[in-house]
Amino acid sequence: MNVVLAVKQYVSKMIEDSGPGMKVLLMDKETTSVVSMVYMQSEILQKEVYLFERIDSGNRENMKHLKAICFLRPTKENVEYLIKELRRPKYSVYFLYFSNVISKSDVKSLAEADEQEVVAEVQEFYGDYIAVNPHVFSLNLIGCSQGRNWDPVQLSRTTQGLTALLLSLKKCPMIRYQLSSEMAKRLAEGVKQVITKEYELFDFRRTEVPPLLLILDRSDDAITPLLNQWTYQAMVHELLGINNNRIDLSRVPGISKDLKEVVLSAENDEFYANNMYMNFGEIGTNIKNLMEDFQRKKPKEQQKLESISDMKAFVENYPQFKKMSGTVSKHVTVVGELSRLVSERHLMEVSEVEQELACQNDHSNALQNVKRLLQIQRVSELDATRLVMLYALHYERHSSNALQSLLTDLRNRGVSEKYRRLVSSVVDFGGKRVRGSDLFSPKDAVAITKQFFKGLKGVENVYTQHQPFLLDTLDQLIKGKLKDNLYPYVGPSTLRDRPQDIIVFMVGGATYEEAQTVYNLNRTTPGVRIVLGGTTIHNTKSFLEEVQAAGFHGRPTETYQGPTRSSVRR
């Protein structure tokens, strides 16, 4: 189950099926992102695709010597663009590939528009999602809900993206969902409806143990997206932001022009592939080794090019050096900027207290530490607010809850009303009243014993104590112990055996910390393959945007007293 490979094979097949000759790849905004995640432009150029165009671009030239490969989402707008295109074709022949199921009526409209008979092929290739890592996908959607219900447009898009994912991996799964979430239930039912309606498409070879789709809701764990991160991929997203593998470094002091935007892709960058799950300390050592390796291999300034064979060797090796030089300068710049931000924002101190709030149950110590950090002016507005949010989520019902005092501290240090209101918004979004689970206390005797021994031993790394709630959920699922009354099946049948192929989808967005959890489970659990997807991949800023977009605007901080005890779970 490799989502990058699945999309890559679709793109390769499109190009191969169009045969030899010069080609243009005609895409829309979303399919451009889909393709760019799995192929570099230089790789596609080698396959005789010399031009990349958008279907909605009005100023494309007539180029009758080119074949057009069209890869588009089957939306109303795209079908209309194609009808216009086919009435006055700019290219010699058209190969039409849709990233999802297209209606018969739309195909008929296209056939009627094709008066000049330029369409050679119409197919559905289900690359209707963003392949982030081999085991991680996203739909790049923020703001999918209105309160606790779906925005209807986003529900439709999410259903399409998730069914396309299943078709691309050739899986017809049994479906389970989080009972405490109406949104998870609606999506589970929507996916089931599509599978029933398009049963011929989902008629894959049966496996002994059917695959399983598990749909969860972000509101069950609002802690994970609020934490600072210390492994490479997650840290880059948290501090710099990753947008379709691209990192904007234009605000970095003294940045050179060619490094203002860099691409971090495990497909094309060996150092990144090997280090994306390493912690920050290890990255520093590995960067040093990479630089030393580069110094050793670098062509000497005064290298003698006396013979033809010397010149030939130099020319053959030069692209390799150039690529290595680009990799070194890129990672040195990224890690240098992470290091600067860690120091400037006191992130080691901040993160230690975050981990304490997420993983331990000592209220007075936690409160004291949060209050101490709120007095340090170099702690950023975002970091100060997230500490108060973590406190508010953990100690929401504590008898000595001092949230009001912390909100006053935020106001006194000049934190904006917008951020202060977000504290109550986050509690409304993912507080105790909403959660179907208990995030903070161990569930059974085994977990309590583990926590006791962990307390005796201390932890290996104080910054990475936290494990996402997803780990516990998947652990229960793999052992066949995930409770049917909390995570029911859609339809009458249930899974008798332990699942082997698991697709987890997080409504409201997954995180790179959860992606790492899934990566580690795949590595350490023989016979189990897990793919994680989400409406988006969050860092703290995008998560808070999600909460706001859902309409959780919070109450004025002066009046916020925390939820009352009588409030009921939805």
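The values are calculated or read from the model by the stated rules, or taken from the named source; none is laboratory data. As the structure is a prediction and not an experimental result, all values here were calculated from the model. Please note: Cβ atoms are built from the backbone with ideal geometry, for glycine as well, and neighbour counts cover all protein chains shown. These area figures cover heavy atoms from the full protein model, side chains too; ligands, DNA and RNA do not enter into them. Shrake-Rupley method; radii C 1.70, N 1.55, O 1.52, S 1.80 Å.
Per residue of the chain, the DSSP helices (runs of n ≥ 4 H) give a summed -39500 (n - 2.57) that works out to -14500 deg cm²/dmol at 222 nm. The peptide list 19-30, 224-235, put in order of mean Cβ contacts within 10 Å with the highest first, becomes 224-235, 19-30.
Would you tally the net charge around residue 23, using a Cβ to Cβ cut-off of less than 12 Å, leaving residue 23 out, and scoring K and R as +1, D and E as -1?
Working: positive: 47, 67; negative: 16, 17, 48, 53.
With Lys, Arg at +1 and Asp, Glu at -1, the neighbours total -2.
Applying 1/(1 + (r/R0)^6) with r as the Cβ-Cβ distance of residue 251 and residue 285 and R0 = 22 angstrom yields a FRET efficiency of 0.25. The calculated pair-distance distribution of region 142-269 uses every alpha carbon pair, bins of 10 angstrom beginning at 0, and gives 10, 28, 28, 24, 9, 2 percent.
Beyond a 27 Å Cα-Cα separation, which of these cross-linked pairs lie in this structure: 104/192; 13/170; 197/541; 432/541; 108/171?
On the way: 104/192 21 Å; 13/170 16 Å; 197/541 39 Å; 432/541 22 Å; 108/171 29 Å.
Distance filter (> 27 Å) returns 197/541; 108/171.
Phi angles across region 127-139 convert, under the Karplus curve 6.51 cos²θ - 1.76 cosθ + 1.60 with θ = phi - 60°, into 3J(HN,Hα) values of x, 10, 8, 9, 7, 8, 10, x, 10, 9, 9, 9, 10 Hz, Gly and Pro given as x.
Mean projection of the Cα convex hull over all viewing directions, computed for region 1-92: 6.1 nm².
Protection proxy ranking of 478-487, 259-268, by the mean of other Cβ atoms within 10 Å over each peptide's residues and highest first, is 259-268, 478-487. Rounded to whole numbers, the Karplus 3J(HN,Hα) couplings from phi for region 152-164 are x, 5, 6, 5, 4, 5, 5, 4, 5, x, 6, 5, 4 Hz, using 6.51 cos²θ - 1.76 cosθ + 1.60 with θ = phi - 60°, and x at Gly and Pro. Protein heavy-atom accessible surface, 1.4 Å probe, per residue over region 188-281: 47 Å². Each pair of Cα atoms in region 209-249 enters the Kirkwood radius, and Stokes-Einstein at 25 °C and 0.890 mPa s then converts it into a translational diffusion coefficient of 193 µm²/s. In the chain, the longest principal axis of the Cα atoms and the axis of helix 512-524 are about 80 degrees apart.
Of 116, 346, 389, which is farthest along the charge dipole of the chain in the positive direction, counting Lys and Arg as +1 and Asp and Glu as -1 at C-beta? Positive-most Cα among the choices belongs to 389.
For region 107-244, a crude dipole built from +1 on the beta carbon of Lys and Arg and -1 on the beta carbon of Asp and Glu, taken about the Cα centre, is about 660 debye to the nearest 20.
Converting phi to 3J(HN,Hα) with the Karplus coefficients 6.51, -1.76 and 1.60 and the offset θ = phi - 60°, region 181-198 yields 10, 5, 5, 4, 5, 4, 5, 4, 5, x, 5, 4, 4, 5, 4, 5, 5, 9 Hz in sequence order, with x at every glycine or proline.
Partner aspartates and glutamates whose Cα lies under 18 Å from the Cα of residue 185, excluding those fewer than 8 positions away in the same chain, are identified as 151, 217, 220, 221, 484.
Which percentage, to the nearest 5, of the DSSP beta bridges contained in the chain is antiparallel? All intermediate terms of the calculation are to be shown ahead of the outcome.
On the way: 12 of 54 bridges.
Counting only bridges with both partners in the chain, antiparallel ones make up about 20 percent.
Could you tell me what % of all Cα pairs in the chain have separations over 48 Å? Value for the chain: 17 percent of Cα pairs lie more than 48 Å apart. Tilt of helix 540-549 relative to the longest C-alpha principal axis of the chain, in degrees (0 to 90, nearest 10)? Here the helix axis deviates by roughly 90 degrees. Dipole size of the chain about its Cα centre, with +1 on Lys/Arg Cβ and -1 on Asp/Glu Cβ: approximately 820 debye, rounded to the nearest 20.
Answer rounded, prolate or oblate for region 487-532, using the Cα gyration tensor with square roots of eigenvalues a ≥ b ≥ c: rounded when a/c is under 1.5, else prolate when a/b is larger than b/c, else oblate. Can you show the working numbers first?
On the way: a/c = 3.73, a/b = 1.29, b/c = 2.89.
Taking the square roots of the gyration eigenvalues as a ≥ b ≥ c, region 487-532 is oblate.
Please compute the net charge surrounding residue 190, taking Lys and Arg as +1 and Asp and Glu as -1 over other residues with Cβ under 14 Å from its Cβ. Intermediate values should be presented prior to the final figure.
Working: positive: 157, 185, 186, 192, 197; negative: 151, 182, 189, 198.
Summing Lys/Arg as +1 and Asp/Glu as -1 gives +1.
What pairs from 8/64; 29/76; 29/418; 371/418 go past 24 Å between their alpha carbons? Pairs exceeding 24 Å: 8/64; 29/418. Ligands, DNA and RNA left out, the 1.4 Å accessible surface of the chain is 50% carbon and sulfur atoms. Ordering 138, 335, 462 by Cα displacement along the dipole of the chain toward the positive end leaves 462 in first place; charges were set at the Cβ atoms of Lys, Arg (+1) and Asp, Glu (-1).
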